[in-house]
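The next block holds one structure in the form of structure tokens; read it before the comments.
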Ligand code: AMP
């Protein structure tokens, strides 16, 4: 199935010069959505994963569907200030300034195998902070998986090559 045909390019969103990769046409089609989740599930079916961790907010959509397909739990990694319980935080740089993400401190047991998921890797800064959070709480990251990779931004260089995976490359 040609999943790329379900990704819509939106020029100059959210600001001039950015081509936004809009996955809503893919999510809106049950066959395409399921095919994407199946592609991830096949890759990680035998990896011994206990939780899928998704990065807010499109990582929640893919991550939650994948967690159910793999029969494991889902853990949200959220933008700062959203999680209610004891949490840890990592800051990361944006083009201008910094942002932060958080995870509940008790969400993963030490040594537990997790898969990190987001919709898209651009510079890799967001997922790099998520990797650091998971390492802070002692998780064993078995994979860092994205639906879309913008190869020209070379985000993959921030990650262990054996763990990085992207379904659709641009
Ligand atoms: P980065 O930290 O630079 O890898 O940016 C990744 C995050 O920003 C992901 O959560 C993406 O959803 C979002 N993002 C960055 N660039 C784009 C783009 N061109 N189209 C859609 N989402 C993007």
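When DSSP beta bridges are restricted to pairs lying wholly in the chain, around 35% turn out antiparallel.
Within segment 46-169, the ratio Rg/Rh, alpha carbon atoms throughout and Rh by Kirkwood, equals 0.93. Take every pair of alpha-carbon atoms less than 8 Å apart whose residues are at least six positions apart; their mean separation over the length of segment 42-148 yields a relative contact order of 28 percent. Could you tell me the center-to-center distance, by alpha carbons, between segment 13-43 and segment 100-166 in angstrom? That distance is 18 Å. If R0 is 35 Å, the Cβ-Cβ spacing of residue 1 and residue 79 corresponds to a FRET efficiency of close to 0.60.
Remark: 90, 50 ranked as 50, 90, counting other beta-carbon atoms within 10 Å and listing the fewest first. Within the listed set 157, 95, 128, the Gaussian network model of the chain (springs between alpha-carbon atoms below 10 Å) gives the highest mean-square fluctuation for 95. For segment 18-97, averaging the sequence separation of C-alpha pairs within contact (under 8 Å, six or more residues apart) and dividing by the residue count gives a relative contact order of 24 percent.
Based on C-alpha pairs under 8 angstrom that are at least 6 apart in sequence, segment 94-170 has a relative contact order of 32 percent. Let's test the formula: R0 of 22 Å, r as the Cβ-Cβ distance of residue 157 and residue 93. What FRET efficiency results, to the nearest 0.05? According to the calculation, E is roughly 0.90.
All of the numbers you see were taken from the coordinates with simple rules; none came from a lab. This is a predicted model, so every value here is computed, not measured. Virtual Cβ from ideal backbone geometry, glycine too; neighbours counted across all protein chains shown.
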